[in-house]
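Student: Handing you this structure, nothing more for now.
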Amino acid sequence: MNSNGRNGQEGAAWSRRGVLAAGAALPAARAGVIAAVSAAMSVIPAAGAKAQDADDAGKKAYRECIACHATEKGNNGVGPSLAGVVGQKAGEVEGFRFSSPMKRSGIVWTPENLDKYIASPQDVVPGSRMPYSGMQDPAMRAALVKYLETL
């Protein structure tokens with residue numbers, strides 16, 4: 001029997017429950033895990049901040065739309081509600097009277113189609129009633145489309 005009361009297990013560190021603790025390696029391993037978790041946690045607020053910045057940019061871009069479009073479902077104004085627009089077929093918002101060219105367009109509002117339409121509505125759907133010359137800044141359009149995806 002050795003000095004720690006364990007037979008034939010010299011040099012091993014034991015917990016009160018009799019479980020082998022790897023001596024100095026265990027605290028180092030714990031320190032490494034704690035450091036890794038701390039590093040990961042420090043990235044989460046940064047990622048959240050980037051998402052918030054993107055959301056803010058999209059809301060800022062949406063200001064060009066707010067005079068005619070609402071973001072609440074069923075709240076149509078001069079233009080149709082934009083709630084759920086991504087993935088929706090053009091000309092099919094309930095309660096809104098669309099132009100014939102928009103109804104016949106066959107467009108599904110994918111992010112790519114929205115980007116093209118927002119850039120130049122009359123080029124994408126000639127004869128539609130949307131009196132908007134287009135958003136020329138690609139970054140602003142991208143932010144707007146990302147925002148529309150959240151509605």
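Student: Residue check, A57 against (1) over 20 Å from V125 (Cα atoms); (2) free of Cβ contacts under 8 Å to residues at least 12 places away in the same chain; (3) outside any loop (DSSP other than H, G, I, E, B), all met but one. Which one?
Tutor: (2)
Student: Let me ask something additional. Starting from residues that are among the charged types (D, E, K, R) and free of Cβ contacts under 8 Å to residues at least 24 places away in the same chain, keep the ones in segment 111-150 and report whichever is surrounded by the most Cβ atoms within 10 Å (Cβ to Cβ).
Tutor: The selected residue is K116.
Student: Which of the residues that make up segment 74-116 are outside any loop (DSSP other than H, G, I, E, B) and closer than 24 Å to A139 by Cα?
Tutor: Scanning segment 74-116 gives V108, P111, E112, N113, L114, D115, K116.
Student: Go through segment 92-144 residue by residue and tally those that are within 20 Å of G74 (Cα to Cα) and among the β-branched types (V, I, T).
Tutor: 2
No value in this document is a laboratory result; all are computed from the given coordinates. Quantities reported herein were computed from a predicted structural model and do not represent experimental measurements. Cβ coordinates were reconstructed from backbone atoms using ideal geometry, including for glycine residues, and neighbour counts include every protein chain displayed.
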